[in-house]
Amino acid sequence: MELIVAVYDDWGIGRDGTQPITLSADRRFFRETTRGCLVIAGRRTMEDFPGKKPLPGRVNAVLTRSDGEFPGFTVCRGPEEAAKLAKEQGRVFVIGGGSVYRQMLPYCDRAYVTKIHVRPESDTFFPNLDVMEDWEIEKRLLSGEESGIAYEMLLYKRKEQ
């Protein structure tokens, strides 16, 4: 299983349930990378989707403890259930938010990380892979600047045990 995330310099990923700063290059990278795959999101992240509808061109799953109807989403009640669903699929991406990333990180072996070199105020953070002994950068995929904001897209991999 893989994950995809955009982080700021302090590894913040959001505030008040959304991303304070987004880049069109990162959005495009996300769309292209996850197209045709299973994506696993938390309920709050799903509610930030356009129209709160499933992302087109993907199989959508929501990891939540909440009851309710989630049309167009496969509902997983815990990380083990999401991991089991992932085994039945081809390529799978965890796409957030913060608690879902933390719950699913142990199941992931690759992480696509867009580092956006700004530091807006965040209330949700992604684990800093740069200081985790079992993760390393495999390759730099792309770097650039958009609207005066520098960014880089990196592929991390879990080190062989």
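Just so it is clear, none of the values below were taken in a lab; they were calculated from the coordinates. All of these numbers come straight from a predicted model, not from anything done at the bench. Counting neighbours? That spans all protein chains shown, and the Cβs are built from the backbone with ideal geometry, glycine included.
For ARG15, the residues 5 or more places off, or on other chains, whose built amide H falls under 5 Å of its own are ASP123. Helix 24-34 and the long axis of the chain differ in direction by around 40°, with both axes built from C-alpha atoms.
Peptides 56-69, 135-148 ranked from most to least packed by the mean count of surrounding Cβ atoms within 10 Å: 56-69, 135-148. The Cα center of the range 54-126 and the Cα center of the range 1-19 differ in position by 12 Å. Rounded to the nearest 500, the 222 nm mean residue ellipticity of the chain from helices alone is -5500 deg cm²/dmol, with -39,500 (n - 2.57) taken per DSSP H run of at least 4 residues. Considering only beta bridges that DSSP places wholly inside the range 2-158, some 50 percent are antiparallel.
Legend: Rg and Dmax of the chain, from Cα coordinates, 15.0, 43 Å. Select from ASN128, LEU63, ALA25 the residue farthest towards the positive end of the dipole of the chain; place +1 on Cβ of Lys and Arg, -1 on Cβ of Asp and Glu, and compute about the Cα centre. Farthest towards the positive end: LEU63.
Dipole magnitude for the chain: computed about the Cα centre from +1 point charges on Lys and Arg Cβ and -1 point charges on Asp and Glu Cβ, it is near 560 debye.
Candidate cross-link partners of LYS87 among the aspartates and glutamates, defined by an alpha-carbon separation under 19 Å and a same-chain spacing of 8 or more, comprise GLU2, ASP109.
In order along the range 42-57, phi translates into HN-Hα couplings of x, 4, 5, 5, 4, 5, 8, 5, x, x, 6, 9, x, 5, x, x Hz, rounded to whole numbers, per the Karplus curve 6.51 cos²θ - 1.76 cosθ + 1.60 with θ = phi - 60° and x for Gly and Pro. Rounded, prolate or oblate, given the Cα gyration tensor of the range 45-88, with a/c below 1.5 counting as rounded? Oblate, because a/c is 1.5 or more while a/b does not exceed b/c.
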